[in-house]
Amino acid sequence: MHKADLHVHTIASDGLLSPEEVVKWAAYKKLSAIAITDHDTIKGIQPAALISKQYNVEVIPGIEFSSEHMDEEIHILGYYIDYNNDWLKVKLDEMYQSRYIRAIRMIDKLNEIGINISLEQVKSIAEGGTIGRPHIARAMQENGYIDNVKEAFNKYIGKGGSAYVERYRIKCQEAIDIIKQLGGVPVLAHPGLINNKDCISDIIEMGIEGIEVYHTKHDDKIVRYALKLAAERKLFITGGSDCHGIFLHNEPILGNVWVDYKYVELLKAKSEHTRQENMNLTEGL
């Protein structure tokens, strides 16, 4: 059986592994395909793709947009997007700048309450990737203020924490539309982590075409719920480890959750169909 992990992060966003390391681990774990789905950035795709043939691992160009609906943070995965699109790069740069400004404000708040970390330290931890809260948490841990990343979120930088700063998020509809405009397939990420399940139906109505059934934090109950939803609403099935490079038993969790490659083929066919539709619309203008 050919296996695919369709939810993988790199140092381009908040992962710990470089794109090249991710591909090497994918080969070691005998995965046929992986999707690079960094948060609000496509910078990890090209480096992974460049060495993918060397390791006989297919790299699917993807993204994970952090969006919002009904006061819920909703993550929308996009598969087979045209990541070389100039318009996309401008949009993502705007989102990067909002994250950067947010990081500065959070660091200032932490400094005010006696937690001394610097922007330069956080940038070093991010290694050129998009700065996120996990990087700030790791700086706090490095300087001995917390024992682990979870503690940072619970006490300081999670919602309601003393150094929390709200950030700009695009709306779900916009995320879905962007992915489709790029010829990609929009998929609702980890529905089991959404608190208000009532909003899921709304999101499907917006044009979601797939649902992440299999995920590291999905139990059997959530898997059955997502499978039922996929069948009822005719949604594509995806799944992945949501690997951020954390090691378990001396290996990253990459590939610990996977789907059969047949689901990759369905996504690819849908993307090709969407691109053709987009071309037809453009030619008709």
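Summarising the label geometry, the points placed 7 Å from Cα in the beta-carbon direction at residue 260 and residue 181 lie 3.7 nm from one another.
Looking at the stretch 1-126 alone, DSSP beta bridges between its own residues are antiparallel in about 50 percent of cases. Let me know the shape class of the stretch 75-146, please: from the alpha-carbon gyration tensor, a ≥ b ≥ c as square roots of the eigenvalues, rounded when a/c is under 1.5, otherwise prolate if a/b is greater than b/c, or oblate. Taking the square roots of the gyration eigenvalues as a ≥ b ≥ c, the stretch 75-146 is prolate.
Too long at a 26 Å Cα-Cα cut-off: which of 150/228; 3/150; 3/43; 30/217; 221/268? Write down the numbers at each step before the final one.
Details: 150/228 32 Å; 3/150 31 Å; 3/43 24 Å; 30/217 22 Å; 221/268 28 Å.
Among 150/228; 3/150; 3/43; 30/217; 221/268, the Cα-Cα distance tops 26 Å for 150/228; 3/150; 221/268.
For the chain, the relative contact order works out to 23 percent when only alpha carbon pairs closer than 8 Å and six or more residues apart are counted.
Which value does Rg/Rh take for the chain over its C-alpha atoms, Rh per Kirkwood? Let's see the in-between values first.
On the way: Rg = 18.7 Å, Rh = 19.4 Å.
Looking at the chain, the ratio lands at 0.96.
Cα extents for the stretch 233-285 along the principal axes, largest to smallest and rounded to whole angstrom: 55, 21, 19. Calculated over the stretch 133-238, the projected area of the Cα convex hull averaged across directions stands at 8.4 nm². Net charge dipole, the chain: roughly 380 debye, given to the nearest 20, about the Cα centre with Cβ charges of +1 for Lys and Arg and -1 for Asp and Glu. Between the listed residues 131, 1, 81, the Cα displaced farthest toward the positive end of the dipole of the chain, a dipole computed from Cβ unit charges relative to the Cα centre, is found at 1.
Beta-bridge orientation, the chain: approximately 45 percent antiparallel, per DSSP, counting only bridges with both partners inside.
Please report the carbon-and-sulfur percent of the accessible area for the chain; probe 1.4 Å, protein heavy atoms only, DNA, RNA and ligands left out. All intermediate terms of the calculation are to be shown ahead of the outcome.
Numbers: 6840 of 13530 Å².
Of all accessible area on the chain, carbon and sulfur atoms account for 51 percent.
Remark: C-alpha extents of the stretch 181-285 on the principal axes read 55, 32, 21 Å, sorted largest to smallest.
For the chain, modelled as a GNM whose springs connect Cα atoms under 10 angstrom apart, the maximal fluctuation among 199, 243, 172 occurs at 199.
The values are calculated or read from the model by the stated rules, or taken from the named source; none is laboratory data. Not measured: the values here are computed from a predicted model. FYI the Cβ positions are ideal-geometry reconstructions off the backbone, even for glycines, and counts take in every protein chain you see. These area figures cover heavy atoms from the full protein model, side chains too; ligands, DNA and RNA do not enter into them. Shrake-Rupley method; radii C 1.70, N 1.55, O 1.52, S 1.80 Å.
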